[in-house]
1. With 26 Å as the limit, write out which pairs from Lys87/Lys445; Lys91/Lys395; Lys395/Lys452; Lys317/Lys445; Lys220/Lys320 have Cα-Cα distances beyond it, or answer none.
2. First measure r as the distance between the Cβ atoms of Arg218 and Gln453, then evaluate 1/(1 + (r/R0)^6) with R0 = 30 Å and state the FRET efficiency to the nearest 0.05.
3. By Kyte-Doolittle mean hydropathy of at least 0.0 and Cα axial length of at least 24 Å, which whole DSSP H helices of the chain are selected?
4. Bin width 5 Å, origin at 0, all Cα-Cα pairs of the stretch 361-450: what percent of pairs per bin?
5. How far is it, in nm, from the label point at Val336 to the one at Glu88 when both lie 7 Å from their Cα along the line to the Cβ?
6. Hey, what D do you get for the stretch 90-220 in µm²/s if you plug the Kirkwood alpha-carbon radius into Stokes-Einstein at 20 °C and 1.002 mPa s?
7. Which residues make up the longest stretch of the chain that has no trypsin sites (Lys or Arg not before Pro) in a DSSP loop with at most 12 other Cβ atoms within 10 Å?
8. Taking 45 Å as R0, compute the FRET efficiency from the Cβ-Cβ separation of Phe343 and Val113 and round it to 0.05.
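Where a number appears in this text, it was derived from the coordinates with a stated rule and is not lab data. Please read all numbers here as calculations on a predicted model, not as lab measurements. FYI the Cβ positions are ideal-geometry reconstructions off the backbone, even for glycines, and counts take in every protein chain you see.
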Amino acid sequence: MENRNTNPLGTEKIGSLLMKFAIPSIIAMLVSSLYNIVDQFFIGRSVGMLGNAATNVAFPLSITCTALALLCGIGGAANFNLAMGRKEKEKAVSFAGGAIGMMLLAGLVLTIVVSLFLKPMMIAFGATDNVLDYALTYTGITSLGFPFLIVTTGGSNLIRADGSPKYSMICTLTGAIINTILDPLFIFTFDMGMAGAAWATIIGQIVSGIMVLGYLTRFKTVHIPLKSLLPSKTSWIPILTLGIAPFFNQMAMMVVQIVMNNTLTYYGGQSSYGSEIPMACAGIISKVGMIFFAIVIGISQGIQPIISFNYGAGNGKRVKETYKKALTAAIIISTVAFLLFQFFPREIISIFGSGSEEYFTFAEKFFRIYLFFTFINGIQPITANTFTSIGKSGKGVFLSLTRQIIFLLPLLIILPIFMGIDGVMYSAPVADGIAAVFSAWFIWKEFKIIDKQMPN
């Protein structure tokens, strides 16, 4: 793995590389999403609508874990591959080790913070009086698994960067299978309710985390000594610089989720639906949308080692080809998801339990409007991660913020003032459309620069 002439990242067909790296990444992200989906499925059939609403209240913390994982994992992996492309193996070692150290520290700190401020967090995240106890039970237990969740999600990026995408997939898949088996056992057989779903989740996460840590001690391309895990300006700052874009994207999702929860509670209470129906529906839509988005994020993560290495090696043609093929795949998948959301919303919502006719009517409307621009939602994350992969974190950060913070968040606050609860639904497609236009313009300008700097 010393240069572009011997490294398959620099020589192998782009289509083959995308299959090799993107598919395991997609599967890993999908499986990771299943933790929440499986919990939602069994909770909906045991606890009911209030349980589904509770998982939606807890969801911002799951997003926070993903944010910290991507901050360390993508930041570390991008720097690792850029260094390997430039034949700077010692720097590559420090980036891989530094990323592992950051993940472990971030997970421990988050668990402690949540344990100290659990109740005020749940209230701030939109828990109503009827939902609060369920949210406290579920989140109080799942927070214990945060270090393992962060290590699994973030470490998978490093494993892919080392050329072992299948193993990263197996780690995540193993945890999800364990969760799927234990969920009905704990919830129904042992009658543990929300606590059962939570314990099933963290047991799966612990197993996955241990498997990832096991691999990180035996990297294929470099040896990672324990001392490289310690804080270091030379490794941690570059990791933070390149990981900040996906971090901001996820944290923006968390902020949006919190604002949306509180907006739905407030304006739902003023509507005929009440507060709980919109909250429960939003929770399901968030989880279902996460399945689609997991595929797109998987593609964007899968292209990272290919783009980083070839950009570091000065091969602009392969950088552009990788982006275009990844975007094409994302648009095709996004279009399929769009058709499902538009034509089968009731069938999808029914998977997660029963409810009143009013509940299903609201859910169908929410699905069709909120997810209307799904078919173009792959453009922004793939473009943002491309900029991160070539070391231009500033542009990556800006694009990561366009959809969630710059456009969606203000719309979530402003539109409901004039449209009531319908304003929440219409805010998303407006933000999606504008963010896609910005992303397309940015990457077009960047490709012109690459053509001048790397004409090969």
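1. Checking Cα-Cα distances, Lys87/Lys445; Lys220/Lys320 exceed 26 Å.
2. Efficiency computed from Cβ-Cβ geometry: 0.20.
3. 14-46, 49-85, 89-116, 165-184, 193-216, 233-269, 276-302, 316-343, 422-453
4. Answer for the stretch 361-450: a P(r) of 3, 15, 22, 20, 15, 11, 7, 5, 2, 0 percent.
5. 4.0
6. On the way: Rh = 15.9 Å.
The calculation lands on 135 µm²/s.
7. With a cap of 12 other Cβ atoms within 10 Å, the longest stretch comes to 221-456.
8. After rounding to 0.05, the efficiency reads 0.60.
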